[in-house]
Amino acid sequence: MFKAMAHWTITVTEVAGADQLEDVFGACARLGVGLHSARFSTGRVQLVLEPAAPLEQLEDELLRFGFHTRTEPGDHSMEALSAREQELLTLLARGLQLKEVARRMGVETSTVREYWSRIKRKLGVRSMSQAVSLWSNTEHHHTD
């Protein structure tokens with residue numbers, strides 16, 4: 001059975017401009033850190049790392065640059081899904097085929113395929129069965 005690996009989130013503060021933002025992403029690149037996602041706000045960036053990323057080495061590197069960091073464990077991948085992507089997974093979990101999912105969502109099958117493409121990228125899965133298994137085993141699963 002497919003088992004999701006936890007992601008780690010590093011929130012980096014004291015990021016004061018493009019040069020320092022480049023330092024943050026440069027550190028990730030040098031260490032080969034895969035990023036699941038990144039969110040920016042004034043003075044900070046939140047990095048959701050891919051599973052098996054060298055967390056301690058990245059944190060050390062960022063501290064050497066003078067950034068403040070906070071790390072948090074957890075699988076944040078489901079939080080990255082849009083409402084429509086979550087709806088798609090809910091319908092797939094009920095055993096519906098793509099054509100029926102499209103009809104129920106009121107969209108074209110090509111739109112459902114685009115949602116699916118985004119889900120694969122966000123969750124790091126390769127098959128619908130992996131995505132549905134992951135979705136069904138989380139608290140985010142809707143049972144209406």
Query raised in the report: Using modelled backbone amide H atoms (1.01 Å from N, in-plane), which distant-in-sequence or interchain residues come within less than 5 Å of residue 107's amide H?
Result: none
Report task. Rounded to whole Å and sorted largest first, list the principal axis extents of the Cα atoms in the range 81-136. Result -> 26, 19, 18
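Quote the relative contact order of the chain in percent (integer), defining contacts as alpha-carbon pairs under 8 Å separated by 6+ residues. Don't jump to the answer; show the numbers that get you there.
Working: 177 pairs, mean separation 37.3, N = 144.
Taking the mean separation of contacting Cα pairs over the length of the chain, I get 26 percent.
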Report task. Could you work out, for the chain, what percent of all Cα-Cα pairs fall into each 5 Å distance bin, beginning at 0 Å and stopping at the bin that holds the largest distance? Result -> 2, 9, 19, 18, 14, 11, 11, 8, 6, 2, 0
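Every read-out reported here was derived from the displayed coordinates using simple, explicitly stated rules and does not represent laboratory data. Here the structure is a predicted model, which is why all the values come from computation and not from measurement.
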